[in-house]
Amino acid sequence: MDTAPILLVDDDPALLQALPRMLSLRMSGVEVQTADSAQVALTMIERHEYDAIVSDIKMSGMDGLDLLAKVQEHHPETPVVLITGHGDHGLAIQALRGGAYDYLLKPIDRDDFIAALSRALHTRQLRRQIEMQQQALERHALALEQQVKQLTHELVASNVANDAMLSMVTHELAPPLMSLMGITQLFNVQLQRADGIEKMRQNLVKAERDLRRMEMLHQDLQITSLIRTNRLSLHCTSSNLVELCRSVVDEYLASTDVALTFEACDDHLQAEVDPGRISQALMNLLSNAYKYSPERASITVTLQRSGGEAIISVRDLGPGIAAEQLPHIWEQFYRVPGIEVQRGSSAGLGLGLYIARTIVEQHGGRLEVQSQAGNGSTFSMVLPLAAGRDLDADQSQ
Ligand code: ADP
């Protein structure tokens, strides 16, 4: 157990010797130090923390009351017991008013002395415990405050994400909706004219394109919602990637006027994939290639085999991505969709690459990009040919 340090102050050498001896005989767990003047005591108090101070009031030079005032000022938590002459009640009252913990009358009764000192030490111990509890409470309050700040920050961030997403969805939906409404109004007018049918046919093509855009937007939002709620499941089957890529390319050609070519290493490249999801990822890369390329610039889809991997690449001749922008684009994959970096007017919801990356990674593959500013871009889905991971199985574990 720790010993309690006590300081005894008296300019009477006889008492300064007798009291520590008496204390060591009758009280355990205390370590007594002595000072023969208030000045010496002050220096010691500055260097050392005492659990109690016992001091005579009447001393030459600085007296016990002055010492008490100094202790009260600098160490109010340290109890001070003052000793006063027999019958000197006026001084005793002054001592108590000055903040003394207790007083003792001379000649000192040993039992009174031990009892007063024990109470003082007990009080000091209680004060220390309270101090520690107070500090622990303050730390706890601080930690709580930081947690609340953090949570508030996260809440605000998620609201910002939702708000940003909402405003982008609104922004994306407005043009096709306006266009579709305009087209239906035109249908009515054209139906009443002689050349109505041909015009209607052209408008129907436009309407189909707008509907396709909305359908893709809906798909992107739907799959993002599945990813965010950990409900995206893969249903992998042994699929011929050549056929899969060709059908996506054909579908894309049917809905756009793009100069799109498909090159495959072979007629057959079998892989264990979810054909729907991989088609979706490829479609996203294709629509980016189209979106970020000059009009009628050619786009090439290639399928190759490299060791145990299949590589589906989409190459465009668009502006490419500057080297310094690349990490930014990759980092964007890991962002919460919706909180977006500065985007150009042609940019969409910022979900295309996020979705493609997630799908490819859930197949145990990776999405790679090679691009140079002014020199086009190649986005590649690298997929293992061996069995892909079944997310349903992963999630049920
Ligand atoms: P969005 O196209 O909706 O903005 P994406 O996730 O599909 O979102 O793309 C993120 C960003 O990556 C785009 O805003 C664009 O800056 C860049 N990017 C993607 N594909 C291409 C590409 N083929 N050529 C140039 N930049 C591209």
Note on the chain, DSSP bridge orientation, antiparallel percent to nearest 5 equals 50
Computed over the range 76-128, the distribution of all Cα-Cα distances in 10 Å bins, rounded to whole %, is 26, 52, 21, 1
Expressed in square angstrom to the nearest 10, the accessible area of F262 with a 1.4 Å probe stands at 40
Using a 1.4 Å probe on heavy atoms of the protein chains only, the accessible area for Y103 in Å², nearest 10, reads 70
With x for Gly and Pro, the residue-by-residue ³J(HN,Hα) of the range 292-309, computed from phi through the Karplus equation 6.51 cos²θ - 1.76 cosθ + 1.60 at θ = phi - 60° and given in whole Hz, is 9, 9, x, 4, 6, 5, 7, 10, 10, 10, 10, 10, 10, 10, 9, x, x, 10
In Å, the Kirkwood hydrodynamic radius from C-alpha pairs for the chain sits at 28.8
Output ordering of 298-305, 118-125, 274-281, 225-232 (per-residue mean of other Cβ within 10 Å, highest first) is 274-281, 298-305, 118-125, 225-232
With the 1.4 Å probe rolled over protein heavy atoms, the range 48-188 has an accessible area per residue in Å² of 62
Here the Cα Rg-to-2.2 N^0.38 Å ratio for the range 16-74 is 1.15
Quick calc: nm separation of the 7 Å Cα→Cβ label points for A18 and R209 -> 11.3
Quick calc, the chain, dipole around Cα centre from Cβ unit charges on Lys, Arg (+) and Asp, Glu (-), nearest 20 debye, gives 1100
Expected unfolding gain across V40-A254 under the 0.36 nm per residue rule, minus the alpha-carbon gap, is 67.1 nm
Rounded to the nearest 500, the 222 nm mean residue ellipticity computed for the chain from DSSP H runs (n ≥ 4, each -39500 (n - 2.57)) alone is -18500 deg cm²/dmol
Distance in Å, no decimals, from the C-alpha centre of the range 271-331 to the one of the range 92-141 is 78
Note to self: Kirkwood Rh of the range 110-154, Cα pairs, one decimal, Å, is 13.1
Given 263-271, 8-16, the highest-first ranking by average Cβ count within 10 Å works out to 8-16, 263-271
Simple spin-label estimate for L151/R305, 7 Å along Cα→Cβ, in nm, reads 5.6
The value for the range 224-289 (convex hull of the alpha-carbon atoms, volume per residue, Å³) is 94
With label points set 7 Å from each Cα along the Cα-to-Cβ direction at L25 and R127, the distance between them in nm comes to 3.0
Here the range 96-112 yields Karplus 3J(HN,Hα) values (6.51, -1.76, 1.60; θ = phi - 60°; whole Hz; Gly and Pro given as x) of 5, 5, x, x, 5, 6, 7, 9, 10, 9, 7, x, 6, 7, 4, 5, 4
Sorted largest first, the Cα spans of the range 51-168 on the principal axes come out in Å as 89, 28, 19
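The values are calculated or read from the model by the stated rules, or taken from the named source; none is laboratory data. All values derive from a computational prediction rather than experimental measurement. Note: ideal-geometry Cβ built from the backbone for every residue, glycine included; neighbour counts use all protein chains shown. What goes into the accessible areas is simple: the full protein's heavy atoms, side chains included, and nothing from ligands, DNA or RNA. Shrake-Rupley method; radii C 1.70, N 1.55, O 1.52, S 1.80 Å.
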